[in-house]
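Report on one structure; see the data block that follows.
The numbers here are math on the coordinates, done by the rules we state, and not lab data. Predicted, not measured: the structure shown is a model, and the values here were computed from it. Quick reminder, even Gly has a Cβ in these numbers, built from the backbone with ideal geometry, and neighbours come from all protein chains shown.
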Protein chains: 2
Amino acid sequence: MTYANALAALADPTRRTVFERLRGGAKPVGAIAKGLPVSRPAVSQHLKVLKEARLVTEYRDGTRRFYAIDTQGLEAVRKYLDGFWDEALERFKAFAEADEVRPRRRKRKAK
Amino acid sequence: MTYANALAALADPTRRTVFERLRGGAKPVGAIAKGLPVSRPAVSQHLKVLKEARLVTEYRDGTRRFYAIDTQGLEAVRKYLDGFWDEALERFKAFAEADEVRPRRRKRKAK
DNA sequence: GGTACACGTAAGCCATGACTTACGCGAACG
DNA sequence: CGTTCGCGTAAGTCATGGCTTACGTGTACC
């Protein structure tokens, strides 16, 4: 159920900005936080959430921690969304049938 | 920027449950709320959010309001996520280069 | 035309979570 | 080795938002 965490993680605008800054390669926390309207600790907290959602990976190099995009979280969300796609295409079919949900009273038989 | 609203909408678990109940065809509010651990007004509020995010559509039939899945919101999210996919594949490339982010001091020339 | 149904909206409550500042810890540099 | 750098964590604050109950509105039935 990683998709749930991933969706929750991507819901926050600033956290999304943090995530988007990882496009183009791994970056240390300081570089990510630079220029953002929030403090560096805030960025650290966001990265923690993103990491738990499998949206980023972390590796250390000396005193720095590099973060990079992890495809696992993205993949989980994508699969979740795809589950609706096919169903949505059958929407009209279900519309035509509409067994479960009928009008309270039969429309008096259209002749 | 519908993808932002859509992500925020799909972040909430109960709202996701509401959304998932629309798989297989349109349903009126009462049918959606039936069996859920929250009140019917709560479901109405969730549907309002989903509608603003282009995740559901509404049409009226008498006194009922039927809600169905709208692909627009899903498509917006999908496109947003796809934007990362290609970039993520170049992660290793960027890893190899890593221009912008170098160690503070050159590693004293490996040799 | 009054009653009952299906639903949206208003107002208020309360938990969650996004932020801040302060602190601690380990790795590098001199 | 002391200092500085880069970062995570703790604790506390404040706004957001998800929920409730109460109410209002329009459509169907008799």
Item to check | Local electrostatic count, A:Arg54, Cβ distance below 12 Å [Lys/Arg +1, Asp/Glu -1] | outcome: -3
Next on the checklist: Can you list the copy-to-copy distances for B:Trp85, using a point 7 angstrom from Cα toward Cβ, in nanometres, shortest first?
Outcome noted: 0.7
Item to check | Whole-angstrom gap from the stretch B:25-59 to the stretch A:1-31, using each part's C-alpha centre | outcome: 29 Å
Item to check | B from A by rotation - nearest chain A beta carbon to the axis, in Å | outcome: A:Ala11, 2
Checklist entry - Which entries in the list A:Lys27/B:Lys51; B:Lys34/B:Lys79; A:Lys34/B:Lys51; A:Lys48/B:Lys27; A:Lys48/B:Lys51; A:Lys34/B:Lys79 go over 29 Å, if you measure between the two C-alpha atoms of each? => result A:Lys27/B:Lys51; B:Lys34/B:Lys79; A:Lys34/B:Lys51; A:Lys48/B:Lys27; A:Lys48/B:Lys51
Item to check | Partner chain coverage, peptide B:71-83 - average Cβ within 10 angstrom | outcome: 3
Checklist entry - Given label points at 7 Å from Cα along Cα→Cβ, what nm distances, shortest first, separate A:Gly35 from the same residue in every other copy? => result 5.0
